[in-house]
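No lab work stands behind these numbers, since they all come straight from the coordinates. This one's a predicted model, so the numbers in the text were calculated from it and none came from an experiment. Positions of Cβ are generated from backbone atoms using ideal geometry, with glycine treated the same way; all protein chains shown enter the neighbour counts.
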Amino acid sequence: MREFDKKIIGKTIKALRHNAGLTQSQLAEKVGLSEKHISKIEQGANLPALDNFLKIADLLQINIPEFGVISDNQSPIRKEVLRLISTSNDEELTLYRDILLSIKRNLNNNQK
C-alpha cells in the first residue's frame, strides 16, 4: 500500500473519530489498541491489522469503502473530491451537496 493511501485512511479515521465524539484514548480502549498506536494510524504511519480495522469500522458505524481508499484509475479531480468528502462531517456534506446541485441546475439551464 502506498504512503498516500495510509495517510488518507489515517485522516479518515481521525475525522470519523472526531465526528463520533471520541478521543484517541477512548477509541484505543474500545478496539483494544494503545493510544500511541491509534495516533500512528491517524498520522498515516501505521495501518491497523485487518481485525482492528474491522473493529474501528464497526465502532464508527461505517462501511469499509468510506475509509477513503481511492483506486489508481480515477481522475485526479475525482480523487481530490473523494478525499474531501471522506473527511467531511454531515454539515459540510450537506453544504457540498446543496452547492453541487445548484451548480448542476445552472449548467443544465445554460445548456438548454
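For the reader, a short list of remarks on this structure follows.
- Solvent-free Debye scattering, log10 I(q)/I(0), computed from the Cα coordinates of the stretch 3-111 at q = 0.17, 0.18, 0.20, 0.23 Å⁻¹: -0.81, -0.89, -1.04, -1.27
- Computed packing ranks the peptides 25-35, 92-102 as 25-35, 92-102, most packed first, by mean other Cβ atoms within 10 Å.
- Computed FRET value (nearest 0.05) for Leu93 with Lys7, which takes r as the C-beta separation and R₀ as 22 Å: 0.55
- Relative exposure of His18, His37, judged by other C-beta atoms within 10 Å (fewest first): His18, His37
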